[in-house]
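Worksheet for the structure shown next.
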Amino acid sequence: MQLLDGKFASEKIKLEIAAEAADFLAQHGRKPHLIAILVGNDGGSETYVASKMKNCEKVGFQSSLIRYGVEVTEEELLLKVREINNDAGVDGLIVQLPLPKHIDPEKVTEAIDHRKDVDGFHPINLGRMVRNLPCFIPATPYGILLMLKAYGIDTAGKHCVVVGRSNIVGTPMSILMARNANPGNCTVTLTHSRTTNLKELVLQADIIIAAIGKKNFITADMVKPGAIIIDVGINRETSEKTKSGYKLYGDVDFENVAPLASWITPVPGGVGLMTIVGLLRNTLASAKKEIYS
Ligand code: NDP
């Protein structure tokens, strides 16, 4: 078993991004700029946004955090999004999900200018992704592609089973792995909670991408020896043993699955770190007008 080490891969790519950001600053007299909007004070969202902001600073981007209380109206939020859309000094805008129930996340996602949609959630970016056109790829799937690339993993012709069909992970991941691209060119099976023969399908996989949100869901009896395992899951449990007060678990029973796998991502230290890199890459590409001129 070999580890797909998110710390190693992400640090290497962040050095490349930092060098490109320094060139951008020298040429344009400003840094690539990412704005994050955070509504409310959900513990997980706070941590993710803080990490995104910190990493922007690390690679030489400007980052701004706009915070709203849970009582903010949909209209106020949409107004702010439109204001940022028109600000030429901003390259990327993300609105951290989930949003409070009275705000429609679809409306907010569609209000973001697709040319600044560095989370890659806008229907224009998703549509362009399906057609294999230049676009912002959602950060987590993009991070997984960057991880596979960093370790030179050949995916062509392999059977990839994706477990979970969310709009932000499972569904885009299935499309990306099926595209005529590298990484890609897989035969893909997309599974979800209504899949009846899940174990049988996962057992056939050369590559398993688990994005379910259930601790240790993928067990050793579901894994073919030699499979490549990508564990997207982040399941928090309170713990008295850690400084933060919680411990993270993936969707894969790492301890028992790892000995069977050829490659596997740990949690933490795997896909989560690569997600940040995906977001940074998209923000830089936006600043450099590599996707949309
Ligand atoms: P969602 O809750 O949006 O989707 C979960 C998916 O899992 C759904 O498609 C659901 O099926 C499927 N599912 C649930 N139970 C089963 C089951 N028993 N059998 C088969 N499929 C099942 O989750 P996300 O995609 O947003 O996130 C998944 C996990 O990844 C979470 O732990 C999340 O925290 C983590 N995550 C990690 C990121 C990172 O950077 N590492 C980024 C984003 C998410 P159905 O559609 O039928 O309900």
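Computed quantities for the displayed model
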quantity: Hey, residue 84 β-branched (Val, Ile, Thr), under 23 Å from the mean Cα position of the chain (by Cα) and not in a helix (DSSP H, G or I) or not; calculated: no
quantity: Residues located in the range 102-140, provided they are within 16 Å of the chain's Cα centre (by Cα) and acidic (Asp, Glu); calculated: 117, 119
quantity: Single match in 208, 230, 212 (criterion: touching a residue at least 60 places away in the same chain (Cβ under 8 Å) and either part of a helix (DSSP H, G or I) or surrounded by 19 or more Cβ atoms within 10 Å (Cβ to Cβ) (or both)); calculated: 230
quantity: Qualifying residue in the range 28-45 (condition: among the hydrophobic types (A, V, I, L, M, F, W, C) and assigned to a helix (DSSP H, G or I)); calculated: no
quantity: Residue that is under 30 Å from residue 113 (Cα atoms), within 23 Å of the chain's Cα centre (by Cα) and outside the structural domain of residue 161 (by TED's automatic domain parsing), where the choices are 213, 278, 233; calculated: 278
quantity: Given (1) touching a residue at least 24 places away in the same chain (Cβ under 8 Å); (2) part of a helix (DSSP H, G or I); (3) in contact with a strand residue (DSSP E or B) (Cβ under 7 Å, 6 or more places away or on another chain); (4) within 16 Å of the ligand (Cβ to nearest atom), number of the condition residue 145 does not satisfy; calculated: (3)
quantity: Residues located in the range 37-52, provided they are more than 17 Å from residue 80 (Cβ to Cβ), surrounded by 17 or more Cβ atoms within 10 Å (Cβ to Cβ) and modelled with pLDDT of 95 or more; calculated: 52
quantity: Condition check for residue 167: of a type outside the set (A, V, I, L, M), within 15 Å of the ligand (Cβ to nearest atom) and surrounded by fewer than 21 Cβ atoms within 10 Å (Cβ to Cβ); calculated: yes
quantity: When residues of the range 226-247 are limited to those that are modelled with pLDDT of 95 or more and within 16 Å of the ligand (Cβ to nearest atom), the one farthest from residue 137 (Cα to Cα); calculated: 235
quantity: Yes/no for residue 155 being away from the ligand (no atom under 16 Å from the Cβ), among the hydroxyl-bearing types (Ser, Thr, Tyr) and either buried (at least 18 other Cβ atoms within 10 Å of the Cβ) or at pLDDT below 95 (or both); calculated: yes
quantity: Per-region count, the range 253-281, residues more than 11 Å from the ligand (Cβ to nearest atom) and either β-branched (Val, Ile, Thr) or closer than 29 Å to residue 91 by Cα (or both); calculated: 4
quantity: Qualifying residue in the range 120-132 (condition: within 16 Å of the ligand (Cβ to nearest atom), in a loop (DSSP other than H, G, I, E, B) and more than 18 Å from residue 211 (Cα to Cα)); calculated: no
quantity: Failed item in (1) part of a loop (DSSP other than H, G, I, E, B); (2) of a type outside the set (Val, Ile, Thr); (3) more than 27 Å from residue 148 (Cβ to Cβ), with residue 60 passing the rest; calculated: (3)
quantity: Criterion: over 14 Å from residue 44 (Cβ atoms) and small (Gly, Ala, Ser) - qualifying residue of 233, 213, 226; calculated: 226
quantity: Failed item, numbered, when residue 179 is tested on (1) crowded, with 22+ Cβ neighbours inside 10 Å; (2) closer than 26 Å to residue 121 by Cβ; (3) more than 10 Å from the ligand (Cβ to nearest atom); calculated: (1)
quantity: Test: residue 283 is out of contact with any Ser or Thr (no Cβ under 6 Å at 6 or more places or on another chain), outside any helix (DSSP H, G or I) and either modelled with pLDDT under 95 or not assigned by TED's automatic domain parsing to the domain that holds residue 173 (or both); calculated: no
quantity: Verdict on residue 172 being closer than 22 Å to residue 12 by Cβ and of a type outside the set (Ser, Thr, Tyr); calculated: no
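The values are calculated or read from the model by the stated rules, or taken from the named source; none is laboratory data. From a predicted model like this one, the values you see are computed outputs, not experimental measurements. We place every Cβ from the backbone using ideal geometry, glycine too, and count neighbours over all the protein chains shown.
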